[in-house]
1. Please verify whether B:ARG122 is away from every other protein chain (no Cβ under 13 Å) and at pLDDT below 90, treating the condition exactly as stated.
2. Please note which helices (runs of 4 or more DSSP H) are completely contained in region A:213-298 and include at least 2 residues that are more than 30 Å from A:HIS39 (Cα to Cα).
3. Could we say that B:LYS45 is assigned to a helix (DSSP H, G or I) and within 14 Å of chain A (Cβ to nearest Cβ) here?
4. Could you check region B:85-95 and list, in sequence order, the residues that are open to solvent by 50 Å² or more (accessible area, probe 1.4 Å) and more than 7 Å from every other protein chain (Cβ to nearest Cβ)?
5. Return the residues of region B:96-106 that are more than 8 Å from every other protein chain (Cβ to nearest Cβ) and crowded, with 18+ Cβ neighbours inside 10 Å; say none if nothing qualifies.
6. Are any residues in region A:220-233 in contact with a helix residue (DSSP H, G or I) (Cβ under 7 Å, 6 or more places away or on another chain) and open to solvent by 30 Å² or more (accessible area, probe 1.4 Å), and if so, which ones?
7. Only one residue in A:LYS283, A:LYS307 is within 20 Å of the chain's Cα centre (by Cα) and among the charged types (D, E, K, R), so which one is that?
Amino acid sequence: MEFFLVTTLNSLSYGLLLFMLSSGLTLIFSMMGVLNFAHASFYMLGAYFAYQTSTYLGFWPALVIAPLAVAFLGALTERYGLRTVHRYGHVAELLFTFGLAYIIEEFVHLLWGRAPVEYKIPEILDFSAFSIFSTQYPAYRVFMMLMSVGMLACLYLVLTRTRIGLIIQASLTHPEMVEALGHNVPSVFMTVFAGGAALAGLAGVIGGNAFVTEPGMAASVGTIVFVVVVFGGMGSLAGAFIASLIIGAVQTFSVAFDYSLATLLTGLGVQLNTESAWYELWKVTIAQAAPVLPYILMVLMLIVRPKGLMGTREG
Amino acid sequence: MLEVKDLHSYYGKSHILHGVHLNVRQGEIVSLLGRNGVGRSTTIKAIMGQVQSSGSVVFKGQELMGQKAYMIARKGLGIVPENRDIFPSLTVRQNLLLGMKGRKESGRWSMEDMYNLFPRLRERAEAPAGVMSGGEQQMLTLCRTLMGDPDLVMIDEPTEGLAPKIVDQVANLFDEIAKRGISILLVEQKLTIALRISQRVYVMGHGQIVFEGTPDDLRANEGVRKEWLEV
């Protein structure tokens with residue numbers, strides 16, 4: 001019970017963090033029609049910018065400055081990169097974001113080195129918020145959840161209640177018509193891209209110290225975020241939300257289970273020993289298979305329902 | 001008010017318009033007639049800056065060629081496309097709000113005007129626009145463009161596929177538009193409405209203007225009707 005509650009909370013905070021990344025990615029996908037391979041790189045930049053800023057000014061200014069800096073880079077990327085490349089078609093855009101991801105990674109190597117940096121949880125949040133039976137639950141995890149929920153509530157309100165939100169919603173599906181009504185659609189696209197980058201940056205700020213800030217973080221989170229977006233359905237925010245929580249739970253729970261198929265088979269009365277056929281496969285525990293589980297889920301989803309959980313268009 | 005000269009347009013490598021010329025005066029209703037595929041829709045899209053083009057489009061004394069569509073819209077040109085590009089997930093009211101260029105109602109039309117002209121829009125104000133019938137979507141598209149207070153509105157086949165009762169409502173709206181001093185450039189295939197409400201008509205064939213005159217001129221000219229209009 002204790003294990004279950006703690007793991008549920010952990011998976012929730014991780015799932016919400018994934019959604020901060022996947023929501024931006026899926027909005028940008030609806031808009032451009034291609035996946036932004038550099039999206040997780042903005043997440044990494046958020047973490048590194050926050051680390052750098054916090055060494056001078058502390059965590060709280062970093063919480064504001066880092067996402068803004070990432071948003072600014074996002075705006076530049078759209079305005080001077082993607083908008084120029086756009087006329088050469090989707091493949092060119094895809095390759096552009098792919099190349100950008102590598103450039104950002106090398107840039108991080110150059111500036112901060114290959115080893116993880118010491119980006120720490122702020123002391124004021126480094127205590128236990130409450131205890132579940134014998135486990136002390138860290139306050140920073142609670143702070144992460146509150147930040148994510150607050151940010152996503154803001155995103156939702158902006159998209160549904162404000163004029164710019166309505167313009168964004170309409171532009172995602174009918175950009176030509178929106179422009180013919182006198183709205184500056186190119187600048188709307190830049191705003192969406194910058195906003196998506198800012199969300200990724202913010203996820204980096206609050207995730208970088210909870211997990212680890214190192215040059216490989218973009219690649220490891222990036223692939224998971226793609227799984228989330230494909231699983232949830234390309235272009236669907238609701239789908240991305242559900243998929244984020246599911247994948248978050250799968251990843252968090254699976255590492256804690258030591259069961260394997262052998263456990264199951266033995267329980268069913270099958271005698272297994274080192275001489276049995278496929279013995280190595282039966283002995284693989286769920287925890288050992290944890291890294292591959294999200295991808296298995298994605299492949300299954302693509303077989304059963306190619307457009308994803310709530311996707312409306314073909315990827 | 002609108003003066004189009006030697007307009008050439010291209011979709012990729014195919015050359016669609018071959019030197020179109022036409023003009024629309026203040027408060028005038030002008031129809032652009034012709035069979036499917038002769039370039040009528042392309043003409044108004046080119047004027048709106050949505051198609052790669054060359055030539056000259058002067059509106060209220062300003063050259064529009066080379067400007068972005070949203071700048072052209074802000075100068076007072078409106079377009080109502082044939083495919084009824086409503087925003088399906090937004091409500092009827094939100095669709096109308098996005099027709100406005102600023103936050104506040106300004107100019108000749110208010111939301112209340114639209115609801116009075118088409119009571120159906122008031123009834124469905126909070127429903128997603130995507131669930132409305134084709135006729136209702138057509139009204140919404142027209143009203144949405146009018147909310148932007150254009151001085152000239154280009155309308156592509158507004159009565160295509162509509163029930164006769166709704167066609168009458170749309171015709172009433174045209175009267176109302178003209179009464180408020182707004183010019184209309186109407187793209188039509190059917191002669192009946194176009195000849196009834198227009199002051200002048202153009203006929204297009206193969207990406208060029210092949211006839212211009214009054215509705216009476218066209219009625220009298222059986223040759224043009226046979227060659228370029230009748231199916």
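1. Here the answer is no, as B:ARG122 does not meet what is asked.
2. Counting at least 2 such residues, we get A:261-267, A:279-283.
3. yes
4. Once the filter is applied, which keeps residues that are open to solvent by 50 Å² or more (accessible area, probe 1.4 Å) and more than 7 Å from every other protein chain (Cβ to nearest Cβ), region B:85-95 yields B:PRO88, B:ARG93.
5. Hits for region B:96-106 are B:LEU96, B:MET100.
6. none
7. A:LYS307
Yes/no per residue for (1) touching a residue at least 12 places away in the same chain (Cβ under 8 Å); (2) more than 9 Å from every other protein chain (Cβ to nearest Cβ); (3) surrounded by fewer than 21 Cβ atoms within 10 Å (Cβ to Cβ):
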position: B:GLY37; (1), (2), (3): no, yes, yes
position: B:GLY55; (1), (2), (3): yes, yes, yes
position: B:VAL58; (1), (2), (3): yes, yes, yes
position: B:GLY61; (1), (2), (3): no, yes, yes
position: B:GLN67; (1), (2), (3): yes, yes, yes
position: B:PRO81; (1), (2), (3): yes, no, no
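The values are calculated or read from the model by the stated rules, or taken from the named source; none is laboratory data. Because the structure is predicted, anything quoted here is derived from the model rather than measured. Positions of Cβ are backbone-derived with ideal geometry, glycine not excepted, and every protein chain shown enters the neighbour counts. All accessible areas refer to the heavy atoms of the entire protein, side chains included, with ligands and DNA or RNA removed. Shrake-Rupley method; radii C 1.70, N 1.55, O 1.52, S 1.80 Å.
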